[in-house]
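The structure under discussion appears below in the form of C-alpha cells.
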Amino acid sequence: MNAYLDLLRTRGVARIIAAQLVARFPSGMISLGFLIHIERIFDSYGAAGLVLGATSVGQAISGPITSRWMGRWGMRPVLILTTAVCALALTTIALAPLPLWGFMVAGLVAGLSYPPVQPAVRTIYPKMVNSRQLTPLFSLDASAQEIIWIAGPVVVTLVATQVSTVAGIFLSVVFLVGGGAWFISSPELGRVRIPRSKRRFGVVLKRPAVLLSTVVGFLLVGSCAAIEAGVVATFGEGGSEAGVVLGIWAVASLVGGLAFGHIPIGPWALARRMLIVFVGSLLAVFAFEFWTISATLVIAGLGIAPALAVMFSIVSASVKFSDTAEAYGWVGTGQLIGAALGSAVAGFLIDGYGPDGGFVAAAVFAFVGLLVPTIFRRAHPDLRGRDASPLPDTEPVPITPS
C-alpha cells in the first residue's frame, strides 16, 4: 500500500482522481435512470432498450472523435461544450413529453456529447507522476472507478423509485455538471496541452498495443455485461440478492486492482489477468445459489481492474503523447460495444437456456479474451524496467502556468 500512499501524497493526484470520479459518476447512473424513466412512460422495457441502445451508439461513435478534438481545440473547451450539450439532452429526456423516436434522438445526442473525461485524465496522468509511479496510478484509477459501478446504480435506483424518475435523471445532471466543473477547473488541465496529432483519424489503431487493448477490452467488458445479465436473471430484477452479488463482484475488482497494481507488466501480464476472469466466469456456470455465485465472481472480479490497468499502461507506453487521448477513446469505444454485445448475447442465451446462459456467455467472452493476448503476445510491450509514459512528440509540448 505504500506505493498508493505515495501516489496520493503527490501534488494534485488525489484531487484529480476524486474530480474525475465525480464527473464520471453518471456513467453508473444513466442506464438505469433511463430504463426506469422510459419504462414508466411507455410501460415497455423494449422502448427503454431502444433509448439505451441509441445512447450507447452515440457514446461508441463519439469516444475517439471528441478525444481527438482535445488535441485540436484544447481539453477545457471540448469538455465545457460536451458537458453543456449532454446536460441539455439529459434534461430534455427528464422533462420533455416526447414520442419514442424523440427520446431516442435525445439519447443519441446525450451519448454523442458525453464528456471525454476518461481519455482526458489518462492523458494527464503521465505528466503528474514519475515513470515509477505511473503503472500503480493506472491501477489505482482502474480500481477507484469501481466506486462508480457500486454506488451509481444504487443511488439512482433509490432516488428514481422513492422520489421520482425525473429526480433520478436530474441527479445524474448534477453530478455531470458539478463534477465536470470541478474536473475542468483543475490546474492540471491548464498546465498540460495535448499537441495536435499529425496523423489521420484512426491511424493510432495500427499500433499493436492499442488494437490489442481495444479488442481485449471489448471482450472483457462483454464478459462483465453477460455476468450482470446472468446475476439479474438468477435472482430477479427486484431481488436484493442481485445488487449484493454485483456489489461483492465490484469490490473484488477494486481489491484486485490495489493488490496487483505494483506487479511489473511483462508480455504475459494481460493474458494472466484474463485467465483469472475466465476461471471465475467458468466456475459461475456451475454455481447454483447466492454464496457459490458470489465466491466465483470474487475470483473473476480479482482480474478485472488489474486487466484494465494493464491495458491503460501498454497504450500509454506505445503511442505518442498527441495520440493518447484518441487511443483511449478507441479503447472506450471497444468497451461500449462489448457491453452492448455481451448483454445481447447473454439475453438470447438466458431466454433459451435459463440464467446459466448468461454465465456461459461470460465464460466464452472471457476465454476469447484470454486467447487473444496469448496468441498475440508479441503485440504486448514488455514494461518491466521501462517507462510507461507516452512516446515524446517531435515538437515541444507547451506547458503554461495555471
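Structure above, values below:
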| read-out | value |
| --- | --- |
| Number of positions in the stretch 77-98 that are within 30 Å of residue 134 (Cα to Cα) and surrounded by 17 or more Cβ atoms within 10 Å (Cβ to Cβ) | 4 |
| Restricting the stretch 236-265 to residues that are within 20 Å of residue 360 (Cβ to Cβ) and modelled with pLDDT of 80 or more, the residue that is nearest to the chain's Cα centre (by Cα) | 249 |
| Among the residues listed as 280, 303, the single one being crowded, with 24+ Cβ neighbours inside 10 Å, modelled with pLDDT of 85 or more and more than 20 Å from the chain's Cα centre (by Cα) | 280 |
| Helices (runs of 4 or more DSSP H) completely within the stretch 137-201 that count 2 or more residues being surrounded by 22 or more Cβ atoms within 10 Å (Cβ to Cβ) | 146-162, 165-184 |
| Among the residues listed as 121, 78, the single one being under 28 Å from residue 9 (Cβ atoms) and β-branched (Val, Ile, Thr) | 121 |
| Residue that is surrounded by the most Cβ atoms within 10 Å (Cβ to Cβ), among those in the stretch 218-235 that are at pLDDT 75 or above and among the β-branched types (Val, Ile, Thr) | 227 |
| Close pairs from the stretch 331-353: first over 27 Å from residue 315 (Cβ atoms), partner surrounded by fewer than 23 Cβ atoms within 10 Å (Cβ to Cβ), Cβ under 7 Å, at least 6 apart | 346/357; 349/357; 349/360; 350/233; 350/357 |
| Single match in 315, 298, 255, 279 (criterion: within 24 Å of residue 337 (Cα to Cα) and either assigned to a loop (DSSP other than H, G, I, E, B) or touching a residue at least 40 places away in the same chain (Cβ under 8 Å) (or both)) | 315 |
| Test: residue in the stretch 99-107 that is touching a residue at least 40 places away in the same chain (Cβ under 8 Å), surrounded by fewer than 17 Cβ atoms within 10 Å (Cβ to Cβ) and under 18 Å from the mean Cα position of the chain (by Cα) | no |
| Per-region count, the stretch 80-128, residues over 14 Å from residue 64 (Cα atoms) and in a helix (DSSP H, G or I) | 31 |
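The values are calculated or read from the model by the stated rules, or taken from the named source; none is laboratory data. Computed from a predicted model, the values in this text were never measured in an experiment. With ideal geometry, Cβ positions are generated from the backbone for all residues, glycine too; neighbour counts draw on all protein chains shown.
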